[in-house]
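Colleague: Here it is, the structure in full.
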Amino acid sequence: MARILVADDEEGVRSFLAEALAADGHDVTESPDGRDASALLDRHAFDVVVTDLKMPGVDGMELVRKVRAEQPEVEVIVLTAHGSVESAVEAMKLGAFDYLRKPISGPAELRILVKRAAERRTLRTLADRASLGDGEEPPLTYGDPTMAAVADAIARVARTGATVLLTGESGTGKEVAARAIHRGSERAAGPFSAINCAALSEHLLEAELFGHERGAFTGAHERRRGRLELAAGGTFFLDEVGELRPDLQAKLLRVLQERQFERVGGTRTIAADVRWIAATNRDLGAAMRAGSFREDLYHRLAVFPIRLPPLRERRADLVPIARALLERIRRDLKRPRLALDEAACARLREASWPGNVRQLANALERAAILASGEVIGVAELDLASTVGAAMAAASSPVPVTLDDIERDAITRALTAVDGNRRLAAERLGIGLRTLYDKLKRYDLG
């Protein structure tokens, strides 16, 4: 059951609400006014707040603002007298879950609203607390409406066995979302296995995915189980699925359809007992039209598609995410304290962040290294940007041929992303395997 805070300056109304909710098994705390309720919110954790809008001192509207700013995962239901519905609507615009008109004739509507609000709180919590395995990444959302809807969708689909396709730009948190789905599912106790379809050569990817028998190919000296087999009972995450070559697309389609596969060089059929999640930053619609991605495979993967929005579409989350990242950076750098001042927060909100969370993390880490004190301001952020630009514009020979131009572009792209080859390939608009071929061709390591 939920932890409920009921705030109303009318003792009779407050007692009626508390008794009705306690009868449903909720843990209810009563508060006689907004100031007391505000203090209780500072000291205790609640799932749902039920508050009158009109109270002396701190009113319900201020409570809504406080909750949205400090505890956006908490749901708020406001009570409004007849004729004050406009105020209730304004409270909902600020983030309140719903409203009830006073006088309340009976507890039924209240109970239903609180139940729905508590369920939404639970769904949000499942998604918001999800992070990468080491627990070092920030939550999916801090209350921005755009991402909150995505978090709700993630939490809802997590409880099913549906195949999910996550789309979005690089750095938007697709693996974080995939792990959130796994942790909220009935397979949470099982393994979470991930494979990046662009990070391995075509030959290695198939063997890594399905495993191989001894003697299946040169160098296969013993039988090896693949990632898919090892993920039995859990979740299998196919990252950058748009990079799969056509023959592997066909094999993957068969596995999705028949829920079974064979190791490379083997004949024994093995059950594919996994929940499938795939992700891509490519436009698979365009890839299907170009003939490079199978339409039937797309429909098998996109049973429940979810788009992860870029940071520029969820600016309310930007500063809280930055603060969470900075806390991790502070620990890594063994600094006692690191904080962003208000001017720095404003500067962060102004930026477009085309590299999303990954780019934000890199900028904050550079600023933290450059900061001499405990506070990061605009000066440190600007200096960090200058350092990043200098890295991207590292000196190189003046290109004079097409090969020189291509070599120079690859070198600059790698420098700009600190040597991350996958990000460099994205910047250059080429596949990772193509980049590896060019690195070999130009002897760039």
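The values are calculated or read from the model by the stated rules, or taken from the named source; none is laboratory data. The structure displayed is predicted, hence computed values, not measured ones. Here the Cβ positions follow ideal geometry from the backbone for every residue, glycine too, while neighbour counts run over all protein chains shown.
Colleague: Considering only strands (runs of 3 or more DSSP E) fully contained in segment 1-115, which possess at least 2 residues that are closer than 28 Å to residue 316 by Cα?
Modeller: By residue number, 3-7, 48-52, 75-81, 98-102.
Colleague: If you don't mind, another one. If the Cβ limit is 9 Å and pairs must be 6+ apart or interchain, which residue in segment 341-360 that is over 27 Å from residue 413 (Cβ atoms) pairs with which residue that is of a type in the set (Asp, Glu)?
Modeller: That search, which allows pairs on different chains as well, returns 344/380.
Colleague: Can you spot a residue in segment 363-373 that is part of a loop (DSSP other than H, G, I, E, B), modelled with pLDDT under 75, more than 29 Å from residue 174 (Cβ to Cβ) and not polar (S, T, N, Q)?
Modeller: no
Colleague: Here is a follow-up. Which residues, taken from segment 313-326, are surrounded by fewer than 22 Cβ atoms within 10 Å (Cβ to Cβ), out of contact with any Leu (no Cβ under 8 Å at 6 or more places or on another chain) and either at pLDDT below 90 or part of a loop (DSSP other than H, G, I, E, B) (or both)?
Modeller: Passing the criteria: 315, 316, 320, 324.
Colleague: Right, next: Looking at (1) crowded, with 20+ Cβ neighbours inside 10 Å; (2) without any contact (Cβ under 8 Å) to a residue 24 or more places away in the chain, which is the only condition residue 77 fails?
Modeller: (2)
Colleague: If you check residue 287 against the conditions, is it modelled with pLDDT of 90 or more and buried (at least 20 other Cβ atoms within 10 Å of the Cβ)?
Modeller: The answer is no for residue 287.
Colleague: Quick one: in segment 290-312, which of the residues that are surrounded by 15 or more Cβ atoms within 10 Å (Cβ to Cβ) and of a type in the set (Gly, Ala, Ser) is modelled with the highest pLDDT?
Modeller: 302
Colleague: Going through segment 155-176 one residue at a time, which ones are at pLDDT 90 or above, surrounded by fewer than 22 Cβ atoms within 10 Å (Cβ to Cβ) and in contact with a Pro (Cβ under 9 Å, 6 or more places away or on another chain)?
Modeller: The answer is 167, 168, 169.
Colleague: Does segment 418-437 hold any residues that are without any contact (Cβ under 8 Å) to a residue 40 or more places away in the chain and crowded, with 17+ Cβ neighbours inside 10 Å, and which are they?
Modeller: Within segment 418-437, 421, 424, 427, 428, 435 meet the criteria.
Colleague: For the subset of segment 74-99 comprising residues that are at negative phi and in contact with a Pro (Cβ under 9 Å, 6 or more places away or on another chain), which member is modelled with the lowest pLDDT?
Modeller: 82
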